[in-house]
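Notes follow once the structure below has been shown.
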Amino acid sequence: MRGIGRVWVDGRQADPGGLASDLAAFGVPAEAASLVSGHDEDYGVLPENWGALQLFLKCSTQWRYAGMSGERTGLDYQAVESVIRMTGVTDIADTFWRLQLIEDEALKALAEKQDQA
């Protein structure tokens, strides 16, 4: 569940063929994919987490930022509540809890990315 946030930060897109198919389009042998990246795998989402993922994606422009540093501090929960109401989320408590797990991991991944920059 938490991995969803990390996948969102890393910018990996759903790609049925993955890196190997991308390289093949340019005439690079599939074996070369292992030399380029060890992270070419689909990220599966369990059915019980699907609603939280959808909510996270719908709220992905609703971050709060800290002062002049521009560091993300978390999602704007007032905006999240609005999205929950507008989209008709039924199990609000469970979906919100799962959303917070995704948010927490996304914040950790963003901080790591910032430290590497």
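The values are calculated or read from the model by the stated rules, or taken from the named source; none is laboratory data. All values derive from a computational prediction rather than experimental measurement. Here the Cβ is made from the backbone with ideal geometry for all residues, glycine too, and neighbour counts use every protein chain on show.
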| task | Go through the residues of the stretch 76-92 one by one and say whether even a single one is at pLDDT 95 or above, within 18 Å of Gly3 (Cβ to Cβ) and surrounded by 13 or more Cβ atoms within 10 Å (Cβ to Cβ). | result | no
| query | If you go through the stretch 53-69, how many residues are hydrophobic (A, V, I, L, M, F, W, C) and surrounded by 15 or more Cβ atoms within 10 Å (Cβ to Cβ)? | reply | 5
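Tell me which residues, restricted to the stretch 68-117, are of a type in the set (Gly, Ala, Ser) and under 17 Å from Leu57 (Cβ atoms).
Hits for the stretch 68-117 are Gly74, Ala79, Ser82, Gly88, Ala106, Ala109.
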